Amino acid sequence: MQPCLACCNECEGEGEGVDLHVDVQNLMVCVLDPADPDAHDACDAPVRRSQSSHSSHSSRGSKPTEERRVPGDSSGAFQLKHRSGTANVFNEEVMTHAALKDCYNNYMLLIGNSDHLLPLARARLQQGLRLCVIDVAGAEERVERVQADTFMRAWDPPPSECSHAVCKLWGHLAAHQPRHWLLRGPDLVRLLPGQVLQIVEVEQYGIGVVVRNAAGQLSWALEGYVVNVAGYEPRSMPTLREHLRNEGIEELIDQVGPEFQEAKPYGMFDKPHVFLSSALLIPVLGLNITGWMVFSRASFGGLEFFRGLFLFIVCLPIYRFGSSFWGEAFAGHYTSWRFHAVLTACAATVSMSLPWLFRLLGLGIPSTMMMVSGGAMTLIGCSVFQLYWQRRMGRLLRNFWRHLQWGCAIVVLSFGVWLCLYVSATIYILLISIQSPLSVVFLPVATWLLECGTVLSTTLAARHIVFWPRHESEADAIDGDQRLHVIPCAIACAHGFSEATRLTATLAGAVRSGNTGGIGALVLSFFLNLWARSGWGRFFTIWSVSKLTKFLPCCTMKPLAWLAPTILSKLHDEVKVTLGYPRFSVIVTLIISWLLADVLSGPMGTARMQLPENWDSALIICAVALSLEVAEDIVVLGMDKCVQAPVTGKAMDHFQNFANEDPYQSLAVVMRSDLEFSSKTLPLPTSPVSRLSIYSSDHRISPNSVAITHMGPQDTTRSGILRRTFGQNAVVHHAKGLHGLRKCKFVVVFGMTMTAASFTLILLELLLGPAYVYGHCVQPLPLAETLLKTLFWSLPLADCHSS
């Protein structure tokens, strides 16, 4: 036997190597035989060299996990360091409580008639953990139990053809069919004709399932705690807590500790929620704009009261969003509805009081930016105070500084991209004013770099501040679920603000110049977004840079280290499907508000609204931007379904150095083969990324088995053939962090869309001036004068300049 060249991360390479005669480069597999002590030295040195050789690639990559014999035990038990950082001990047929806890928190596999499983499924999803519902109604005879000798490690999720879209749970649990890079919601599947479901058990506990076709080939497999209620009558169906109590492990339902927070899937912005929020913000934002258009022209007093009242209605959802975004970053899971209510009330009170304060100081009326930012600063200050108070209460003693570091990083990222985009839009208008051709290139490139840079910075911060301490079970690891709202909202802010800047800056440029030259900037933005979202642009860039570095000996840059997709970059791609549209609601709101204010000018005794100059050029820009946004989504979603970008062997080698839940990770590699399963012709091995099960020739899970995965046929679709042409010899699954994405709360989604809409309105006020935006003037003021109105406005607003 030859020493293995690459071994499973779970076992640190101890074992013998088996050379597989397959058309895949540099792939070996470890056969673990605890009864053969000589075999444990065969892979040790090569694997250690492999780990150390890559240490220069990533300063904090995944450390090699350990597999060692338990002292005083000659039975071959192993101590495996799980990805979450907990230590699990498996002694042949003995399962420890730690291992069972790990199994429960990793996945729950709910088996039965889907029509009666809604309470059990909801109880699981309320914990924020992954769920797979397997409907076996009418197929109970095809459910088998298989006894195993050791713990199951499987990550081969069900394919889309197994989805059970017609069951009642589909709508209740917001399930979706899996896509190439992600799955939104839980798995809801059924057995196809001829398939057999095997429940893998250790002792009396089900720890995974294996589904095989009529020929006995593996179709899909998952590890996780099995709850089989197929034999229960609907009226006697137990709750999840009752079921676990009957199993003697009721405490597992309350043990989603900090070390398992990284086992949860990320949050995402649901499309219906985003589009509903975009529709709702029209009347909410319209009340503020229409009211200000009308009352800023009126001669009676109380203008400060109405200014504060109208913006109070707008800012309430923004501050509620901020309490989940910044508040949960600072205070972890020590947040409740009272926490969110108090933070929102404090911020809104400060925002409402600013007009009175400015009047007292003789500064005029605070701008929209000043009022929104003032409440946001109050919100951040209250979040820091909550963190300090929790420390005084003795709850966040060890991880106080880690929480403070993480919260400050989130604040800097969100406000940093906000301010940088302000500067970029202003520079674009300056380039437009001097008729520079650089304006067509500057705005798309600047906003694209700022957006991607914010996502990259969020990935770095999340990995080093949140993930890594939890992965290593450090005492000062951050508390609370940072994956549901905090990280997705940081990415959503970057995209929502960037899209608003592209539209607003080109629209303002059209108003000031009287032409539609900004269409060129929008078209360039369209192609840059296609490059980032499709995957093919990233693939060819990595390939080109890799070829170029071969001719530059002095260049040590590794393009995969900088350009490889990550979990957060894939979340970024998903956010782009929805959050590019709320900016257009602001334009619709401005048009409706202008018409309403003009109608109300008669009864209110005020002057008629002034028709804005160059409004036709502005509308053309909006129409082109909307068309390109729709076209971009159609192209990207079509490519995601039909012609996904390939993942080559070098990319797989890159991802093998990261843990499954690492933010740098984006896939799990699965090899498929048509080889017969026998001791002489072993199936293709899996990459260490996938952490897949270990199966033996009798279809049982055993320490004396080979790390394998899928035994189905190769991907013969056009997309599969194309990917193999470009060097992808393996079938890949998306990373676990992208499987079972959870929906963010509607109040958070609505607050995020309102924040992006307010950013659009504030940027219009900055670039065109409030007098033009609110219908007092036909022409915008010079840019230098509008910039002076960034923080406060002088009254009256109608300080127009004649042409």
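The values are calculated or read from the model by the stated rules, or taken from the named source; none is laboratory data. Note that this is a predicted model, so its numbers are computed, not measured. Note: ideal-geometry Cβ built from the backbone for every residue, glycine included; neighbour counts use all protein chains shown. Quick note on the areas: whole protein, heavy atoms, side chains included, nothing else; ligands and nucleic acids left out. Shrake-Rupley method; radii C 1.70, N 1.55, O 1.52, S 1.80 Å.
Solvent-accessible surface of protein heavy atoms, probed at 1.4 angstrom with all chains present, puts HIS403, HIS97 in the order HIS97, HIS403, largest first. In this calculation the C-beta distance from LYS547 to PHE415 is compared with R0 = 51 Å, giving a FRET efficiency of 0.80. Modelled spin-label separation between THR96 and ILE282, with each label point placed 7 Å from Cα along the Cα-to-Cβ direction: 6.0 nm.
The HN-Hα couplings worked out from phi for the range 484-497 by the Karplus form 6.51 cos²θ - 1.76 cosθ + 1.60 (θ = phi - 60°) are 7, 10, 5, 5, x, 5, 4, 5, 5, 4, 4, 6, x, 5 Hz, whole numbers, x standing for Gly and Pro. With contacts taken as Cα pairs under 8 Å at a separation of at least 6 residues, the range 356-498 carries a relative contact order of 27 percent. Note on LEU619 and SER336: the model spin-label points, each 7 Å out from Cα along the C-beta direction, lie 5.4 nm apart.
Computed from the C-beta positions of LEU456 and VAL146 and an R0 of 56 Å, the FRET efficiency is 0.80 to the nearest 0.05.
Assign one of three labels to the range 220-362, namely rounded, prolate or oblate, based on the Cα gyration tensor with a ≥ b ≥ c the square roots of its eigenvalues; rounded applies when a/c is under 1.5, prolate when it is not and a/b is larger than b/c, and oblate otherwise.
It comes out prolate by the Cα gyration axes.
In order along the range 410-419, phi translates into HN-Hα couplings of 5, 5, 4, 5, 6, 6, x, 5, 4, 5 Hz, rounded to whole numbers, per the Karplus curve 6.51 cos²θ - 1.76 cosθ + 1.60 with θ = phi - 60° and x for Gly and Pro.
For the range 585-663 versus the range 549-575, the inter-centroid distance based on Cα atoms is 27 Å. Please work out whether the range 286-401 counts as rounded, prolate or oblate from its C-alpha gyration tensor, where a ≥ b ≥ c are the square roots of the eigenvalues and a/c under 1.5 means rounded, while otherwise a/b larger than b/c means prolate and anything else oblate? Prolate, because a/c is 1.5 or more and a/b exceeds b/c. If R0 equals 41 Å, the separation of the Cβ atoms of CYS554 and ILE427 corresponds to a calculated FRET efficiency of about 0.75. Would you work out if the range 119-263 is rounded, prolate or oblate? Take a ≥ b ≥ c from the square roots of the eigenvalues of the alpha-carbon gyration tensor; rounded if a/c is under 1.5, else prolate when a/b is larger than b/c, oblate otherwise. Rounded.
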